[in-house]
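One structure below.
Since every read-out is calculated from the coordinates, none of them should be taken as a lab result. Here the structure is a predicted model, which means the values were calculated and not measured. Note: ideal-geometry Cβ built from the backbone for every residue, glycine included; neighbour counts use all protein chains shown.
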C-alpha cells in the first residue's frame, strides 16, 4: 500500500499488477531466509536446533511485513497466502517422500527425518494461511481505518514467543522441567516465551503504525502485555505438540476481547475479522 511503486511512479489503477509483483517479492524474501539458514546449517556454524528455530522465529514476521507491499485490494490476501501455501505443498511433498530436499529437511527438522516436516513445521505454515485468510490486516478495498492487528499479534506470539521459548529454555532452562501431556517446559523457557511474544508483537505493530496512522503503539503496550502473559500461560500448559495450535487460538481470542476488557479508549482501532 504505502510501497506501491506503480502508484508512486504515476501509474494508478494497476493494483492487481502490483499485487502480483508484491507476491513474488514476498516469496523471494521468505525463500531467501530459508536458503540462507540452510547454508548456515550446512556450514556447521549453527546446530539444527538453532536453525529450525531461526525459521520459526522469523518466517511469519517477515511474511507479515511484506503485507505492506500489497494494495489492499480484493485479491491482496489471496495472493499473499500463496507464499505459505507454497511451503505447505513443499512440506507435504517432502514429508511423504514424493520430493527430496536435503536443505529443507536439515534446517527444519531435529532428527533429519523428512516425516518430521509433517508435524509442527507444517502446522506453522497452515496457521500462516488461516490467519492470512481470516485476518489480513486490511479489508478488501484497503480501508486502513479498519485495520486489524489480530494476525500481527498472533504471529508475534507464535513466532517470536514460542521460538525464543525453545532457544532460551534449551540454553538456560537446566534440568528442572514441568509440563503436561508429555511436554517439557522450563522457567527460563517461559520467560523467553513472554519476552519474545511481547517484543515481537510490539515491534511489528510499531512498524505497521507507520502505515496505519490510527494505531497508537504506546496505548497498546498494556493490552499486548496482558496478551503475552496469557500466551505464556497457555504455552506452558499445552500438551506436547499442541502449542502451535493452542497459542494462536488463545491469542486470537484475547485480541478479540481487548475492547471489552480495556474499552475503546485504550483499544480503539478495529478488531474484527476482515474480508
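A Förster radius of 30 Å combined with the Cβ-Cβ distance from residue 240 to residue 25 puts the calculated FRET efficiency at roughly 0.20.
When only Cα pairs below 8 angstrom with a gap of at least 6 residues are kept, the stretch 140-275 shows a relative contact order of 34 percent. Placing a pseudo-label 7 Å from each Cα along the Cα-to-Cβ vector at residue 14 and residue 78 gives an inter-label distance of 2.2 nm. The ellipsoid equivalent to the alpha-carbon distribution of the stretch 36-93 has semi-axes of 28, 14, 8 angstrom, derived from the gyration tensor eigenvalues as √(5λ) and listed largest first.
From helices alone, the chain scores -20500 deg cm²/dmol at 222 nm; the rule is -39500 (n - 2.57) for each run of n ≥ 4 DSSP H residues, then divide by the residue total. Strictly greater than 23 Å: what percent of every Cα pair in the stretch 44-191 meets that? Tail of P(r) above 23 Å: 44 percent of Cα pairs. Projected onto its three principal axes, the C-alpha set of the stretch 140-275 covers 50, 26, 23 Å, listed from the longest axis down. Across the stretch 122-216, counting alpha-carbon atoms alone, Rg and Dmax equal 16.1, 53 Å. With the simple model of a label 7 Å out from the Cα in the direction of the Cβ, residue 134 to residue 216 spans 3.0 nm. Site pair residue 172 and residue 145 shows an inter-label distance of 4.5 nm when each label is modelled 7 Å from Cα along Cα→Cβ. Just report the Cα centroid separation between the stretch 39-87 and the stretch 203-252, whole Å. Spelled out, the Cα-based centre of one part sits 18 Å from the other. Between 131, 86, 155, the residue with the greatest mean-square fluctuation in the GNM of the chain (Cα pairs under 10 Å linked by springs) is 86. Extension gain, residue 180 to residue 85: 0.36 nm times the residue separation minus the Cα-Cα distance gives 31.0 nm.
Per-residue extension of 0.36 nm, minus the Cα-Cα distance of residue 262 and residue 36, leaves a gain of 77.1 nm for this segment.
For the stretch 130-170, the spherically averaged projection of the C-alpha convex hull amounts to 3.1 nm².
Ratio of Rg to Rh for the chain: 0.98 [Cα atoms; Kirkwood radius as inverse mean 1/r over pairs].
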